[in-house]
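Chemist: Sharing a structure with you now.
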């Protein structure tokens, strides 16, 4: 992952920040950019941080200078009319307090708001090959691929080295879609649709999280962006488009009936069946996902079982009630869901 | 003897006038926010007024506005009369203004409830800001009416410096309320444009 | 030198008479009916200090919950209420009332050479309303219905649909209630500054502290109505069924954000500008030097608030605005830097060219400059829109505004507590523990807030009630929590030092620092009439003008300019400070607390939905006002 450069930056940060920095190259790290947008922003930050240390150094230097001159004679004498160094001080204030900031900030303004900003702007619709819709819900992400039937949740697959237009909306309150290693964040606002571009350099898995406080489980509203090779992405999308396949075992068959006749189907949809609820995520290919509950727990049969029984413990306040099922029924349900590859 | 040579005539505005200026500045900013909200909502809505609400009437509100604004004259004159110590004239001018203002307020309350029957405040964002603006303005007229009632009560027992300052401050309040009413009615009538 | 003892028997007799005229009633009743700006300032001080304790306790609970990943110290509901109340408390119920209500009330007349505020009863009213609003909003926490959508309370999360309880109604009403108190204070200060100065104090001879208070007051006066309108709309949306913020009925969720930040950004300057005023009082005293570039600093203090009104949308770069409007707000944000840098370098140059004595107050000001510059430099970074869009709503922002709010507002408050302690109590504090308390607080706050920059860049979003391990956030969060408790220790040492000094401290005398401004010319603590003789003023550093102070002494001996015939206060022309009249000031009134109580009932009735009763209580308020005005000053 571009290691030497990252290391150098980590080192710079370590030296400048004085505090040791654990976890450079972590999975939600704005300073480990994996796209040209995020890289531009990170570069901008490193320059600004350099400038900020110089500015802070200047002021600290002045304060230390006055510390060095502390207790010099003259204290306590009548200060009427006595303004030592008045003229030079005025010049210093005008130069350091007016001229210097105007120069520095104009430069920053021009560089960042006239040039860098172009890379993070919402893309024009003609410049992207793929559009993905992301819809924020309390507290999970719905992901749709317009022009296909694919619907998934809490994970977004995109092809590498391909500009992707992400349209974000909300089903309820304001959320904010943010995958820091790929681009800046964008809010989901009721009644409108916002756009942000993702254009990842490398295949990999990137963590994102809702950045705007959206209620009780704001902390558990994360997502993964999987960047695949274009061919792998096309295979994945084709698989996601398929409706559900017939259950492969008697146990799963029983689970399917439980799902469709029970409370599950009133909130969840499974394409190819009668289940068409819209409160919770579409589960047509739930077994293909890495996590449950928007990255609250991983998606293993055991976790799934616990999630069905006790989701209110793992994610209190989420819309899914704890499902009180006996062992045999639960086995069937888990077998069915695990088959939804 | 204080050691100060105090000016004989009033120098500058009394503190009460300054206090009223602060109140007016605060209220004017509040109305500015309401009016800003009105246009913010308007410019994001394709048809205005939306949702089949009829356009506001033109003639009657303008006539009523003129009636209210005309009370600026007796209120200003009352302030001048108070400063020069003419008690009877002050009382009379305030009473005249009060009668007109009360009539205006009574009509507007009637009209307000009348309009509520035609389209409710809960209809949409237009009705929300429409009634909020209008209601806030009427509330300020009511406050002015109460001010004048209180003033007349005070002046029944003659002038003091405190009461003269009160007349000046309240005349200033009425000028501001009249200007705010022009702004509010102008904003609401702009829906016809 | 200060006038502490009467020079002649005749003067003693006149001072005795002043004492009788201005004396407060004894006991509780005296505090309830007081209109003395010093007593009101002290009431504000103790109340806001208690609220600071509450807000601090909330902060430490938040930090304890976040010390380690996946903890369950508090439930998510409680966490949301804690961080919402922490923000609301620190901003509306600690810093504004502490800097304006406590410091401003106590000091403004003393620095202006006045005997009281322009509207003493209104001043009392503002305190009682403030107290009632604090009790009102804290009731919500005790009944488990505290505001839970953050201090900026975005809709639709705060709408009835997603937040059906009374939590947000407490927010709306509590904020409106509180802003009445702040508006009264702001108006009070503006009129006092323009009208109640000592004759001779033209605006260019006014201390910078007063310019800062003037700037903050203008800010409050013109910013609060936007907040009141916004919260009124929300209250109507929730309880009457209007659709201001409802996108499905022509409303707009972004309207809330615009109106909120039109208030919210000036608010930031309202928080720190009075603290600048404290700094510009302490620096001349401990460098024994008139502040460098006085006129530039005075203009900068006013300008920073003025430009602050044009930058609100930089809080909203992630909502999908058009690029051109973002660039406009970025340019305004860039401009607001200049008045701040002017002040920073004027302070630094005063440090260098003066005769600095690093006693505790000046240490706090040096610390304040360090913290303010650090927070300001990260603030400048938000001129860069793409970077802002990357880090907004992360801990980087949390770090930034805590450097500003704790560093640039609370540090000067602590410095000011030490600086004016001798004036208020007549005792000196102990210097060594004072300096130690500074260093503990300085180290603690940096340990608390600096790692937040890093953890924010590492992707930690704000307002999360917990976080997973494995993202590199754990060590920083633990450091922050430790920093929080270190800061607590420093603050406890500070308060303990002042507490012990109050009883054991050596006597301070009227002017222990050779301070520059008029409060140091009168005794410590000041008499109820503030000044025996209305002081003569010919510069902004009046206590350093020996000729004028000698004139005061002669006037006292001769019984001139003492105004000992009633509650008298000279008023002046607003700009050049010529005498306009000798005004009779009101004294003691039972009506302010009565009116505040009636208002509290209005808001309580609105909360529980009894609008008719609320209307009746509104009439009671008007009757109380009429009763208030039945007391007229003597002719």
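Chemist: Is there a residue being under 27 Å from the mean Cα position of the chain (by Cα) and over 30 Å from residue C:557 (Cβ atoms) anywhere in segment C:65-72?
Modeler: Within segment C:65-72 (the criterion being under 27 Å from the mean Cα position of the chain (by Cα) and over 30 Å from residue C:557 (Cβ atoms)), the answer is no, since none of the residues qualifies.
Chemist: Still on this model: Given (1) in contact with a helix residue (DSSP H, G or I) (Cβ under 7 Å, 6 or more places away or on another chain); (2) surrounded by 16 or more Cβ atoms within 10 Å (Cβ to Cβ); (3) within 14 Å of chain C (Cβ to nearest Cβ), where does residue B:74 come up short, assuming only one miss?
Modeler: Only one criterion is unmet by residue B:74, namely (3).
Chemist: What do you reckon, is residue C:398 assigned to a helix (DSSP H, G or I), at pLDDT 95 or above and within 14 Å of another protein chain (Cβ to nearest Cβ)?
Modeler: Yes, satisfied.
Chemist: Determine, yes or no, whether residue C:373 is away from chain A (no Cβ under 13 Å) and either in a helix (DSSP H, G or I) or over 30 Å from residue C:37 (Cβ atoms) (or both).
Modeler: The answer is no for residue C:373.
Chemist: Here are some conditions: (1) surrounded by 19 or more Cβ atoms within 10 Å (Cβ to Cβ); (2) more than 10 Å from chain C (Cβ to nearest Cβ); (3) at pLDDT below 95. Residue A:97 meets all but one. Which one does it not meet?
Modeler: Every listed condition holds for residue A:97 apart from (2).
Chemist: Restricting attention to segment A:177-186, which residues are within 8 Å of the chain's Cα centre (by Cα) and either surrounded by fewer than 24 Cβ atoms within 10 Å (Cβ to Cβ) or at the interface with another protein chain (Cβ under 7 Å from one of its Cβ atoms) (or both)?
Modeler: Within segment A:177-186, A:180, A:185 meet the criteria.
Let's see how each residue does on (1) closer than 30 Å to residue C:183 by Cα; (2) facing chain C (nearest Cβ under 7 Å):
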| site | (1), (2) |
| --- | --- |
| B:10 | yes, no |
| B:14 | yes, no |
| B:29 | yes, yes |
| B:32 | yes, no |
| B:36 | yes, no |
| B:49 | no, no |
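Chemist: OK, next. What's the number of the condition residue C:418 fails, among (1) part of a loop (DSSP other than H, G, I, E, B); (2) more than 23 Å from residue A:46 (Cβ to Cβ); (3) under 29 Å from the mean Cα position of the chain (by Cα)?
Modeler: (1)
Chemist: Got a sec? Which helices (runs of 4 or more DSSP H) wholly within segment A:169-269 have at least 2 residues that are modelled with pLDDT of 95 or more and under 19 Å from residue A:282 (Cα atoms)?
Modeler: A:230-241
Chemist: Exactly one condition in (1) farther than 16 Å from residue C:122 by Cβ; (2) touching a residue at least 24 places away in the same chain (Cβ under 8 Å); (3) within 10 Å of chain B (Cβ to nearest Cβ) is false for residue C:625; which is it?
Modeler: Single failed check for residue C:625: (1).
Chemist: Here are C:575, C:613, C:533: which of them is surrounded by fewer than 20 Cβ atoms within 10 Å (Cβ to Cβ) and within 13 Å of chain B (Cβ to nearest Cβ)?
Modeler: Going through C:575, C:613, C:533 in turn, the sole match is C:575.
Chemist: Something else: For segment A:31-41, enumerate the residues that are in a helix (DSSP H, G or I) and out of contact with any helix residue (DSSP H, G or I) (no Cβ under 8 Å at 6 or more places or on another chain).
Modeler: Listed by number, the list holds a single entry, A:39.
Chemist: Next question, about the same structure. If you scan segment C:557-572, which residues turn out to be within 8 Å of chain B (Cβ to nearest Cβ), closer than 20 Å to residue B:16 by Cα and assigned to a loop (DSSP other than H, G, I, E, B)?
Modeler: None; the set is empty.
Yes or no, residue by residue, for (1) farther than 23 Å from residue C:441 by Cβ; (2) crowded, with 24+ Cβ neighbours inside 10 Å:
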position: C:342; (1), (2): yes, yes
position: C:346; (1), (2): yes, yes
position: C:360; (1), (2): no, yes
position: C:364; (1), (2): no, yes
position: C:372; (1), (2): no, yes
position: C:377; (1), (2): no, no
position: C:381; (1), (2): yes, no
position: C:392; (1), (2): yes, yes
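Chemist: Next question, about the same structure. Report whether or not residue C:42 is within 30 Å of residue C:514 (Cα to Cα) and buried (at least 21 other Cβ atoms within 10 Å of the Cβ).
Modeler: no
Chemist: Among (1) free of Cβ contacts under 8 Å to residues at least 40 places away in the same chain; (2) within 16 Å of residue A:152 (Cβ to Cβ); (3) under 30 Å from the mean Cα position of the chain (by Cα), which single condition is residue A:239 missing?
Modeler: Going through (1) free of Cβ contacts under 8 Å to residues at least 40 places away in the same chain; (2) within 16 Å of residue A:152 (Cβ to Cβ); (3) under 30 Å from the mean Cα position of the chain (by Cα) one by one, residue A:239 breaks only (1).
Chemist: Any chance segment C:79-93 includes a residue that's outside any helix (DSSP H, G or I) and within 23 Å of the chain's Cα centre (by Cα)?
Modeler: No: segment C:79-93 contains no residue that is outside any helix (DSSP H, G or I) and within 23 Å of the chain's Cα centre (by Cα).
Chemist: Looking at the structure I just gave you, is residue C:533 at pLDDT 90 or above and within 26 Å of residue B:7 (Cβ to Cβ)?
Modeler: yes
Chemist: Take the conditions free of Cβ contacts under 8 Å to residues at least 24 places away in the same chain, in contact with a helix residue (DSSP H, G or I) (Cβ under 7 Å, 6 or more places away or on another chain) and assigned to a helix (DSSP H, G or I) and apply them to residue B:79. Does it pass?
Modeler: Answer is no for this residue.
Chemist: Right, next: I need the full set of residues from segment A:322-341 which are in contact with a helix residue (DSSP H, G or I) (Cβ under 9 Å, 6 or more places away or on another chain) and without any contact (Cβ under 8 Å) to a residue 12 or more places away in the chain, in order please.
Modeler: Across segment A:322-341, the qualifying residue is only A:328.
Chemist: Name the residues in segment C:447-487 that are more than 15 Å from residue C:395 (Cβ to Cβ), touching a helix residue (DSSP H, G or I) at 6+ places or on another chain (Cβ under 8 Å) and surrounded by fewer than 20 Cβ atoms within 10 Å (Cβ to Cβ), would you?
Modeler: Result: C:482, C:485, C:486.
Chemist: On to the next question. In this structure, is residue A:317 at positive phi, in a loop (DSSP other than H, G, I, E, B) and outside the structural domain of residue A:170 (by TED's automatic domain parsing)?
Modeler: Yes; evaluated as a whole, the condition is true for this residue.
Chemist: I would also like to ask the following. Which numbered condition in (1) in contact (Cβ under 8 Å) with a residue 60 or more places away in the chain; (2) buried (at least 22 other Cβ atoms within 10 Å of the Cβ); (3) at negative phi is the only one that residue A:149 fails?
Modeler: (2)
Chemist: Can you find, within segment C:232-248, the residue that is farthest from residue C:147 (Cα to Cα) among those that are within 10 Å of chain A (Cβ to nearest Cβ) and surrounded by fewer than 24 Cβ atoms within 10 Å (Cβ to Cβ)?
Modeler: Among residues in segment C:232-248 that are within 10 Å of chain A (Cβ to nearest Cβ) and surrounded by fewer than 24 Cβ atoms within 10 Å (Cβ to Cβ), the one farthest from residue C:147 (Cα to Cα) is C:248.
Chemist: Restricting attention to segment A:116-145, and to residues there that are out of contact with any helix residue (DSSP H, G or I) (no Cβ under 9 Å at 6 or more places or on another chain) and surrounded by fewer than 13 Cβ atoms within 10 Å (Cβ to Cβ), which single residue is nearest to the other protein chains (Cβ to nearest Cβ)?
Modeler: Restricting to residues being out of contact with any helix residue (DSSP H, G or I) (no Cβ under 9 Å at 6 or more places or on another chain) and surrounded by fewer than 13 Cβ atoms within 10 Å (Cβ to Cβ), the top hit is A:124.
Chemist: Here is a further query. I'm trying to understand the selection: among the residues of segment B:149-168, which are surrounded by 15 or more Cβ atoms within 10 Å (Cβ to Cβ) and outside any helix (DSSP H, G or I)?
Modeler: B:159, B:160
Chemist: When you scan segment C:410-433, do you find a residue that is within 12 Å of chain A (Cβ to nearest Cβ), at pLDDT 95 or above, buried (at least 24 other Cβ atoms within 10 Å of the Cβ) and more than 17 Å from residue C:496 (Cα to Cα), even just one?
Modeler: Within segment C:410-433, not a single residue is within 12 Å of chain A (Cβ to nearest Cβ), at pLDDT 95 or above, buried (at least 24 other Cβ atoms within 10 Å of the Cβ) and more than 17 Å from residue C:496 (Cα to Cα).
Table: residues versus (1) loosely packed, with under 15 Cβ neighbours inside 10 Å; (2) within 14 Å of chain C (Cβ to nearest Cβ).
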residue: B:58; (1), (2): yes, no
residue: B:64; (1), (2): no, no
residue: B:88; (1), (2): yes, no
residue: B:112; (1), (2): yes, no
residue: B:121; (1), (2): no, yes
residue: B:129; (1), (2): no, yes
residue: B:136; (1), (2): no, yes
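The values are calculated or read from the model by the stated rules, or taken from the named source; none is laboratory data. What you are looking at is a predicted structure, and each value in this text was computed from that prediction instead of being measured. FYI the Cβ positions are ideal-geometry reconstructions off the backbone, even for glycines, and counts take in every protein chain you see.
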